[in-house]
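The values are calculated or read from the model by the stated rules, or taken from the named source; none is laboratory data. All of these numbers come straight from a predicted model, not from anything done at the bench. Methodologically, a virtual Cβ is constructed for each residue, glycine included, from the backbone with ideal geometry; neighbour enumeration extends over all protein chains shown. Each accessible area value is taken on the protein alone, full model and side chains, heavy atoms only, with ligands, DNA and RNA left out. Shrake-Rupley method; radii C 1.70, N 1.55, O 1.52, S 1.80 Å.
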Amino acid sequence: MTTKILIVEDESAIQELITYNLQQAGYETSKVENAEKAMKHVQNALPDLVLLDWMLPNMSGIEFARILRQDARTKMIPIIMLTARSEENDKIKGLEIGADDYITKPFSPRELIARINAVLRRRAPESADEAVEIDQLRLDPANHRVTVDDQEVILGPTEYRLLHFMMTHTDRVYSRGQLLDRVWGDHVFVEERTVDVHIRRLRKALQLVGKNDLIQTVRGSGYRLSTGFNTNQ
Ligand code: CA
């Protein structure tokens with residue numbers, strides 16, 4: 001999946017410079033010039049990281065960061081603060097409200113990208129590259145293979161990501177909206193019933209290896225991958 005970075009910066013020259021460099025580095029970018037627009041953006045789609053200018057018109061970057069950290073849905077989004085301030089006090093204040101890092105303007109594009117990569121690496125769940133196995137169903141991110149014993153389960157890319165997410169987040173019900181957030185990442189143009197379509201395809205593929213019962217529908221709530229295999233719902 002492409003890493004999506006939201007740039008919140010009111011100076012258009014800096015906004016353009018960052019956008020250009022991040023796109024060159026292979027990131028997908030969105031840009032907004034104030035915290036209010038950033039809020040709307042985040043409500044529609046969760047970015048993988050927010051580059052947040054400290055000094056913004058109306059709501060400050062620090063206020064916006066605080067709001068992101070208070071909401072269960074957004075509190076895990078990595079934040080890198082951008083600022084012209086260089087005083088140690090400000091840096092501490094930024095990190096205290098939960099920013100992951102802090103870059104003082106002017107910065108070189110190389111430094112920015114190095115910091116972004118470092119924050120993303122730190123935030124990545126340790127298990128992201130590790131193989132997971134549940135009830136003999138094994139998913140190995142190293143080679144993108146899903147197998148039961150030695151039999152391969154053939155999955156499309158979305159079904160693979162959906163299964164990977166569910167196998168690493170077991171025994172919890174996820175609503176369609178939450179799955180769109182976590183698996184699709186951006187659900188502005190995706191309808192919730194799309195989730196049902198991909199769950200159906202995933203179950204069909206799992207059925208060939210007798211594992212279609214792993215994913216349960218929880219009526220009115222969403223889906224769950226259960227590690228208690230004897231429950232039939
Ligand atoms: Ca500014």
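Worth a mention:
- Contour excess over end-to-end distance, with Cα ends at E130 and A142 and 0.36 nm allotted per residue: 3.6 nm
- By the compact-protein rule of thumb, 2.2 N^0.38 Å, the alpha-carbon radius of gyration of region 132-225 corresponds to a ratio of 1.02.
- Relative to the longest principal axis of the Cα atoms of the chain, the long axis of helix 12-24 makes an angle of roughly 40 degrees.
- In nm, spacing of pseudo-spin labels at N58 and Q23 (7 Å Cα→C-beta vector): 2.6 nm
- Folded to 0 to 90 degrees: helix 193-207 orientation relative to the chain principal axis, Cα: 40 degrees
- Dipole of the chain [Lys/Arg +1, Asp/Glu -1 at C-beta], most positive-end residue of L180, I97, W54: L180
- Which of T29, I79, T227, positive extreme of dipole for the chain (C-beta unit charges): T227
- Approximate spin-label separation R219-S108, in nm, with each point projected 7 Å along Cα-to-Cβ: 6.3 nm
- Its Cα gyration tensor gives the chain an equivalent ellipsoid. The semi-axes, each the square root of 5 times an eigenvalue, are 38, 18, 15 Å from largest down.
- Among S175, S108, S30, residue whose mean-square fluctuation peaks in a GNM of the chain (springs only between Cα atoms under 10 Å): S108
- Solvent-accessible surface of region 132-225, averaged per residue with a 1.4 angstrom probe and all protein chains in place: 54 square angstrom.
- Of all accessible heavy-atom area on the chain, the percent that carbon and sulfur account for (1.4 Å): 46 percent
- Charged-residue dipole, Cβ positions (Lys, Arg, Asp, Glu), the chain about Cα centre, Debye nearest 20: 560 debye
- Ranking I199, P157, H144 by how far each Cα lies toward the positive end of the dipole of region 132-225 (charges on Cβ) leaves I199 at the top.
- DSSP beta bridges confined to the chain are antiparallel in about 45 percent of cases.
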